[in-house]
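The values are calculated or read from the model by the stated rules, or taken from the named source; none is laboratory data. These numbers were taken from a predicted model, which means no experiment stands behind them. With ideal geometry, Cβ positions are generated from the backbone for all residues, glycine too; neighbour counts draw on all protein chains shown. The accessibility values were calculated without ligands, DNA or RNA, using every heavy atom of the protein model including side chains. Shrake-Rupley method; radii C 1.70, N 1.55, O 1.52, S 1.80 Å.
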Amino acid sequence: MQLHERGILVHPEELTPDWLDRMAAAQLNTLGLHPVGGPKAHESLAAAIDAHAAPQSVALRQAAASRGIAVEYEAHVAAWLLPRERFAREPAWFRMNVHGERTADFNLCASNPEALAFVAERTARLAALLDTGADKHFLWLDDVKDCSCHCPACRGLPPSDQQLRIVNAMLVGLKQRNPAAKLCYIAYHDTLAVPRKTEPADGVFLEYAPIGRNHHRPINDPDCPENVRESRTLTELLQFFGTRDARVLEYWMDNPLFSNWTKPPRLFALDEATMRRDVAYYHALGFTSITSFGCYLGPDYQQLHGTPSLAAYGQILREAGCGHD
Ligand SMILES: [Zn+2]
């Protein structure tokens, strides 16, 4: 079976009609808009919300649709869902650090029912503000590790269970708006472990994002310690969440990674051999939806280094399931 979804993620401000043309030529059918993460993720998300309704953004989404490209947002949303200013009024909604202090630095308490209800309602509002017509949502907690809640109620819950609890709550909000809504559980950093004490609600699916991998060795290379570590739980994650809707979010085209997250973007070259091996492996595991970050390849890149090609990337994704793997 061929991949249903062959995608790429860009920063919203990098999107141009020309990019959509190259996506279409490479037969990529899924575009992820990824507001910049990091400590200001809530600000870049707010900017994306403002831009979403602007005429040029609407026109770009229409241009994507006319090329058969579905548009989705993929973003770190915790600080937008639970604004840090609420800490003064509701400290118990926030996480407790290892020193026993409530803190508004990252994420939230996964056991506070009011916090979860608040976040559920905010998730529904966010989906309305960033509506692209998609049922599947890719909304992530903060881009951190070792920042789960250590309150008495959460202490026995590993980060994976805490994230899944919050995802389940967010999905309650999404479903009130759209009963067909689905929401990803992103497995990366300390959420690569399979949740042990929490079951996924109906509509939660796996998004696997092995950020800590070695990007120039195949993900299933038994002689690569980083990749052994990053992929150790993958088959178990697929058993737990199921292969339906399961998504790979890779870094093959992620130029920030190769530019050390600093502009100007460096000249980029796709490691086709590694990607081809990875795609074959993911496809054999049952993934039918594969994307990669593809940021820092927009207009500023084009000025410096010429037009980045999506052809080889698209071709390797198309080859999956065609007997070439
Ligand atoms: Zn807690």
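Give all pairs with beta carbons closer than 6 Å in which a residue from region 36-52 that is under 12 Å from residue 75 (Cα atoms) and in a helix (DSSP H, G or I) meets a residue that is among the β-branched types (Val, Ile, Thr) and open to solvent by 60 Å² or more (accessible area, probe 1.4 Å); count only pairs at least 6 apart in sequence or on separate chains.
44/36
So that you can scan it fast, the table gives a plain yes or no per residue for (1) within 16 Å of the ligand (Cβ to nearest atom); (2) modelled with pLDDT of 95 or more; (3) open to solvent by 20 Å² or more (accessible area, probe 1.4 Å):
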position	(1), (2), (3)
103	yes, yes, yes
111	yes, yes, yes
114	yes, yes, yes
117	yes, yes, yes
122	no, yes, yes
129	no, yes, yes
136	no, yes, yes
139	no, yes, no
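Counting just the residues of region 141-157 that are within 16 Å of the ligand (Cβ to nearest atom) and not hydrophobic (A, V, I, L, M, F, W, C), which one comes out surrounded by the fewest Cβ atoms within 10 Å (Cβ to Cβ)?
The extreme case among them is 156.
Could you say whether any residue in region 309-319 is of a type in the set (Ser, Thr, Tyr), buried (at least 18 other Cβ atoms within 10 Å of the Cβ) and farther than 16 Å from residue 219 by Cα? Write out each step before concluding.
Of the residues in region 309-319, the ones of a type in the set (Ser, Thr, Tyr) are 309, 313.
Narrowing the set further to residues that are buried (at least 18 other Cβ atoms within 10 Å of the Cβ) leaves 313.
Applying the additional criterion that residues be farther than 16 Å from residue 219 by Cα yields 313.
Yes; the residues of region 309-319 include at least one that is of a type in the set (Ser, Thr, Tyr), buried (at least 18 other Cβ atoms within 10 Å of the Cβ) and farther than 16 Å from residue 219 by Cα.
Of (1) out of contact with any Lys or Arg (no Cβ under 8 Å at 6 or more places or on another chain); (2) buried (at least 19 other Cβ atoms within 10 Å of the Cβ); (3) not in a loop (DSSP other than H, G, I, E, B), residue 59 satisfies all except one. Which?
Condition (2) is where residue 59 drops out.
Filter region 172-208 for residues that are of a type outside the set (Ser, Thr, Tyr) and without any contact (Cβ under 8 Å) to a residue 40 or more places away in the chain; which is farthest from residue 147 (Cα to Cα)?
Just the residues of region 172-208 that are of a type outside the set (Ser, Thr, Tyr), to begin with: 172-184, 186-187, 189-190, 192-197, 199-207.
Right, trim to without any contact (Cβ under 8 Å) to a residue 40 or more places away in the chain and you get 175, 179, 196, 199, 201-203.
Working: 175: 28, 179: 31, 196: 18, 199: 21, 201: 23, 202: 26, 203: 26 Å.
That would be 179.
Out of contact with any Ser or Thr (no Cβ under 6 Å at 6 or more places or on another chain) and within 16 Å of the ligand (Cβ to nearest atom), is that true of residue 16?
On the way: out of contact with any Ser or Thr (no Cβ under 6 Å at 6 or more places or on another chain): yes; within 16 Å of the ligand (Cβ to nearest atom): no.
No, not satisfied.
Scan region 60-72 and tell me whether some residue there is within 16 Å of the ligand (Cβ to nearest atom) and within 28 Å of residue 179 (Cα to Cα). Give the steps one after another, and end with the answer.
Step one: list which residues in region 60-72 are within 16 Å of the ligand (Cβ to nearest atom), which gives none.
No, the conditions are met nowhere in region 60-72.
Output the qualifying pairs, or none if there are none: Cβ atoms under 6 angstrom, residues six or more apart or on different chains, first residue in region 110-134 and under 23 Å from residue 96 (Cβ atoms) and β-branched (Val, Ile, Thr), second residue within 16 Å of the ligand (Cβ to nearest atom) and not in a helix (DSSP H, G or I).
Close Cβ pairs satisfying both conditions: 119/82.
Restricting attention to region 266-287, does a residue exist that is part of a loop (DSSP other than H, G, I, E, B), open to solvent by 10 Å² or more (accessible area, probe 1.4 Å), at pLDDT below 95 and over 25 Å from residue 70 (Cβ atoms)?
Narrowing region 266-287 to residues part of a loop (DSSP other than H, G, I, E, B): 266-271, 286-287.
Cutting the leftovers down to open to solvent by 10 Å² or more (accessible area, probe 1.4 Å) gives us 266-271, 286.
Retained after the next criterion (residues that are at pLDDT below 95): none.
No, region 266-287 contains no residue that is part of a loop (DSSP other than H, G, I, E, B), open to solvent by 10 Å² or more (accessible area, probe 1.4 Å), at pLDDT below 95 and over 25 Å from residue 70 (Cβ atoms).
Anything in region 16-35 that is in a helix (DSSP H, G or I), surrounded by 15 or more Cβ atoms within 10 Å (Cβ to Cβ) and free of Cβ contacts under 8 Å to residues at least 60 places away in the same chain? List them, or say none.
The initial filter retains those residues of region 16-35 that are in a helix (DSSP H, G or I), namely 17-25.
Still in the running and surrounded by 15 or more Cβ atoms within 10 Å (Cβ to Cβ): 19-20, 22-24.
Passing the criteria: 20, 24.
Consider region 36-69. How many of its residues are in contact with a strand residue (DSSP E or B) (Cβ under 6 Å, 6 or more places away or on another chain), of a type in the set (Gly, Ala, Ser) and within 19 Å of residue 18 (Cβ to Cβ)?
1
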